[in-house]
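Input: a single structure, listed below in structure tokens.
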Amino acid sequence: MLVAPDKFKGSLTAREAARAMAEGVRLAVPVARVVTCPVADGGEGTVDAVVAATGVRERRKVVRGLLPGQEVEARWVYLPPGALDKSGFEGELSGVLSTGECAAVIEMAQASGLSPEEGLRDPMSASTVGTGELIVEALESGCRQIVVGMGGSGTVDGGTGMAVALGYRFLDANGGELAPGGLSLSSIRSIDVSGSDPRLAETAFIAACDVDNPLLGEQGAARVYGPQKGASPGEVEALERGLANMGELVKRELCVDVLQSPGAGAAGGLGAGLLAFCGARPISGFGFVAAVLGLRKKAVAADLVLTGEGSFDSQTARGKAPAGVVAIASGAGVPVVVVAGSLRGDLQGGSDGVAEYCVLPGPMGVEEAMRNADELVRLGTARLMRLIQLLPDRRGHE
């Protein structure tokens, strides 16, 4: 059996969730052989997944944090040549990422992630400058392949903060330099590229997106994710106008059309920024992590796959890790169950071999559920396994 969950956001890391689920399996089926494989989608947990798969040591750097005046210690991964080959790398990304050259894996949530404290959520002033500083660190370490994992961001700055760290300048109508952050987006009138880091031109950037949302519109960066990051209704519309302004400028001055690019709205528009300012190639964040983990081989070898996350909803199907695990397992003909604390979606519309299961034993408040997440996941998984044991084995009989 393969246990491959994502994080239960705010409660359990992917590794903690995998451990709790595995314990639940063994409570119900003591003889079960369980392989745990925590996953991520380019957001939080991506660095942990790469470290676990490759055995390399993470690196740390103090960079600017989410809000002005903040500093955080952020982790990233330096992969020497051949490190991915030792991880079970499955090669789905051949032509995108060379295993024979050094590479960096950066998780933007490390530097520019959403604060768990609502009082520290301010998308109008939050920026991705710290993420840009991690990119500079990777460039100075000799990396000419840089994977930027996106998800869990606290920003809606279109990646302009990252670009500032890389030497770009964003100017107002009077030629004055604007501070990075969502508030400045509407005031940008020109982009000065003269000071941009020359190493960008010789570096292959990969934008590992956790969702495929566009930059603008009802499914865009501001309207879908702005409220989660603390934006009021008025601020959401201001951010929408600002991102539209930035997108038009990028199209006119840099000849890059981010307005029509899937994934441009990921991480508060950082997807658009990576495309525009770094020439990044967008890929599925989960696809990258799955390739590094050798997830397909693990799934094919299993007779049952359990995945999961805290809240299973409409956004899950837009590129989140559990949807990817379901696609791999069901594509290989292996039954798969999504285990979650909240069910508000349906990945497969009742497809054979795919199911969703809520670990809560009954009605429960969100705070209580999050506080007791470890026990709820463990005991809920045990209940699920007892139910599965009652079902006839239909494989090979159809």
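Quick note: the coordinates plus some simple rules give every number you see, no bench work behind them. All of these numbers come straight from a predicted model, not from anything done at the bench. Glycine also receives a Cβ, built like all others from the backbone with ideal geometry; neighbour counts cover every protein chain displayed.
Kirkwood's formula applied to the C-alpha pairs of the chain gives a hydrodynamic radius of 21.4 angstrom.
Short version: what are the Cα gyration tensor semi-axes of the stretch 1-121, square root of 5 times each eigenvalue, largest first, in whole Å? The partial results should precede the final answer.
Details: eigenvalues 152, 113, 21 Å².
In descending order, the three semi-axes are 28, 24, 10 Å.
The residue among GLY265, GLY100, SER141 whose Cα reaches farthest toward the positive pole of the charge dipole of the chain, with charges on the beta-carbon of Lys, Arg, Asp and Glu, is GLY100.
DSSP beta bridges fully contained in the stretch 46-286 are about 55 percent antiparallel.
The stretch 218-260 gives an Rg/Rh value of 1.05, both radii derived from C-alpha positions and Rh following Kirkwood.
Taken about its Cα centre, the chain carries a charge dipole of roughly 900 debye when the Cβ of each Lys and Arg holds +1 and the Cβ of each Asp and Glu holds -1.
Arrange the peptides 224-230, 375-381, 121-127, 195-201 so that the one whose residues have, on average, the most other Cβ atoms within 10 Å appears first.
121-127, 375-381, 224-230, 195-201
Once the Cα-Cα distance is subtracted from the 0.36 nm per residue extended length, the GLN70 to ASP85 segment shows a gain of 1.6 nm. Annotation: the residues LEU185, LEU166, sorted from fewest to most other C-beta atoms within 10 Å of their own C-beta, follow the order LEU166, LEU185. Would you give the gap between the C-alpha center of the stretch 250-305 and the C-alpha center of the stretch 1-70, rounded to a whole Å? The stretch 250-305 and the stretch 1-70 have Cα centres spaced 20 Å from each other.
Using just its DSSP H runs of length 4 or more, each adding -39500 (n - 2.57), the chain gives a mean residue ellipticity at 222 nm of -10000 deg cm²/dmol after division by all residues. The lysines whose alpha-carbon is closer than 17 Å to the alpha-carbon of LYS297, local same-chain residues fewer than 8 away aside, are LYS86.
Remark: for residue pairs LYS251/LYS320; LYS9/LYS251; LYS7/LYS61, the C-alpha separation exceeds 32 Å in LYS9/LYS251. Exposure proxy for ILE135, ILE283, ILE328: other Cβ atoms within 10 Å of each Cβ, ordered fewest to most, give ILE283, ILE328, ILE135.
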